[in-house]
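Just below is one structure, and these are the notes that go with it.
The values are calculated or read from the model by the stated rules, or taken from the named source; none is laboratory data. Not measured: the values here are computed from a predicted model. All Cβ positions, even for glycine, are placed from backbone atoms using ideal geometry, and neighbour counts span all protein chains on display. Heavy atoms of the whole protein, side chains included, go into the accessibility calculation; ligands, DNA and RNA do not. Shrake-Rupley method; radii C 1.70, N 1.55, O 1.52, S 1.80 Å.
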Amino acid sequence: MLKWKRSLTVLAMTALLGTMTACGGGANNNNVEPAAEPAGSNTAATTAPSNTAPSNEPVKLRIMWWGSQPRHEATLAALELYTKNNPNVTFEPEYSGMDGYLDKLSTQAAANNAPDIIQLDPGWMPDWMGRSQLAELAPEVDVSKFDGKLLAGGQLDGKQYAVPLGSVAFGMVYDKAAMDKLGIASPANGWSWDDFFALAKESKSKLPSGQYFTIDYAGNYFMYSAYQYARGKGQVITDDGHFNVDQATFLEWTKKFEELRKEGLVPPADLNASDKEFDPQMDLMAAGKVLFRYSFSNNLGTWDSIKPGAYALVTMPRAEEAGGWLKPSMYLSVSKNSKHAEEAKKFINWFVNDPEAGNILQTFRGLPANKDIATSLEASMSDLDKLGLGLLRATEPDGQTWSAGAGGWTNFIDKDWVLVRDQLSFGKVTPEKAFEQLKEASQSYEK
């Protein structure tokens, strides 16, 4: 990710000036997989991509995404450039942070008023495809330059309903500047969960009042998933739709955080609940309240824009196996009820495959899933982007295989699990009771 806060005009002009470099393909990088025919690729789209507007009539496309301010600025610049090249197409952008995004989008979809183009989290794909809420993207969207592993999460019954925008690694970000000042050693890639909890306890005597080692992750779905993976116990929810939380592993995890809570190494419950990622005032790391939190490889630029030079990335801790994973950063789809589906697909094809678009969008949604664009960007990456790429490369060798799991479990993750998370943080339930609540809640989702 780049530390990038230019005006939209400057961004667009930069893209135009940099097009020849982007088209040149950049340096030969052996870390990038060679282009191959991935699952779900469309030969017709490859040989004759749709570059002709279905009509010259004025079209306004609604597009919705979430992200940080740098992502918003880059996306708006890309929309501006597309309209410049296609004057009949304008956009009605709807963008925000992650909080509340799915609720808003789901409400619109339920009223048959979803935006034409929507950004979706990989974990939501089984539900959205299963409910037939998305339009098939072939043949208008060319996916010949995409890894089949990234495409798979946007496929159902052999049809492509979503295109991946990037690839990211799940790891941790830490306040290196604060740790150096306090005399706390920085972790190294490949560290273990034992190292993590030991470092937490070692930091106790060095932390000033009001500063904590990490966020209270006792009931956090994603962090617990990483811990269960590392312990060799597999997915929390299986691909065939079954509750698979390992009781012994869950109790081990929640009791470790119970100890951190008692020792004052995680924030008090009310402060912990106030955290809003990337908000300069409400984010507990940005506010200097915690040293560690989870992050993705493409987020370092956003952290750096809040406090330049302060933060660093490290792999998710491991145990018997790796804890982190590689995953599609997010997907882009067309709503099934879009009245301008053909124009929307034409735009998506440009958004993911055009070098000018890639030069503007950079790595704000992860390393681009289009292999040619990814290669062209690697040659001219900023130091921050290279650090993010370093986390991705360190996770690649034995990182876990990411899966969205079975459809129909979104509310279990976003609502039932969140309720248990808050109860654990506020000390309203024991780890044993928390497990029983999750197991009981899962029964209504079991297939």
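Worth pointing out:
- Here the spin labels are modelled as points 7 Å beyond Cα on the Cα-Cβ line, and at S209 and K415 they lie 4.3 nm apart.
- Direction-averaged projected area, Cα convex hull, region 45-172: 9.3 nm², rounded to one decimal.
- Calculated FRET value between E446 and L251, using beta carbons and R₀ = 22 Å, to 0.05: 0.50
- Distant-in-sequence amide contacts of S295, defined by a placed amide H-H separation under 5 Å and a gap of 5 or more residues or a different chain, comprise G171, M172, V173.
- Largest mean-square fluctuation among L384, L76, L271, in a Gaussian network model of the chain whose springs join Cα atoms under 10 Å apart, belongs to L271.
- Residue-span extension gain [E202 to E263] - 0.36 nm each, minus C-alpha spacing: 20.8 nm
- Convex hull volume per residue in cubic angstrom - Cα atoms of region 355-432: 192
- Accessible surface of region 273-428 [probe 1.4 Å, protein heavy atoms]: carbon and sulfur percent: 49
- Computed with every protein chain present, the accessible area of E343 is close to 10 Å² [probe 1.4 Å].
- Only Cα sites of the chain enter the Debye sum here, all with the same form factor; the resulting log10 I(q)/I(0) across q = 0.11 1/Å is -0.88, listed in q order.
- Only protein heavy atoms count here; on that basis, with a 1.4 Å probe, E258 has an accessible area of about 60 Å².
- GNM flexibility winner over the chain from G323, G154, G130 (Cα, springs under 10 Å): G130
- Debye equation applied to the C-alpha atoms of region 254-404, log10 I(q)/I(0) at 0.13, 0.16, 0.18 Å⁻¹: -0.80, -1.07, -1.21
- The label-point distance for D422 and S274, in a model that sets each label 7 Å from Cα toward Cβ, rounds to 1.7 nm.
- Within straight-line cross-link reach of K447, aspartates and glutamates at Cα separation under 18 Å, skipping those fewer than 8 residues along the same chain: D127, D239, D240, D416
- Summarising the overall dimensions of region 56-110 from its C-alpha atoms, the Rg and Dmax are 12.8, 37 angstrom.
- Each residue, Y95 and K60, gets one label point 7 Å from its Cα in the Cβ direction; the gap between the two is 1.9 nm.
- Protein heavy-atom surface of region 54-195, 1.4 angstrom probe: 49% of the accessible area is carbon and sulfur, with nucleic acids and ligands not counted.
- Listed pairs K206/K256; K104/K145; K60/K104; K276/K307; K176/K201; K104/K307 exceeding 24 Å between Cα atoms: K104/K145; K104/K307
- GNM remark for the chain: springs join alpha carbons under 10 Å apart, and the peak mean-square fluctuation among F170, F222, F296 falls on F222.
- Region 109-250 - convex hull of alpha carbons, volume per residue in Å³: 198
- Each of F222, G241, P187 was placed along the dipole of region 150-241 (beta-carbon charges, centred on the mean Cα), and the one lying farthest toward the positive end is P187.
- Accessible area expressed per residue, the chain, with surrounding protein chains retained (probe 1.4 Å, Å²): 42
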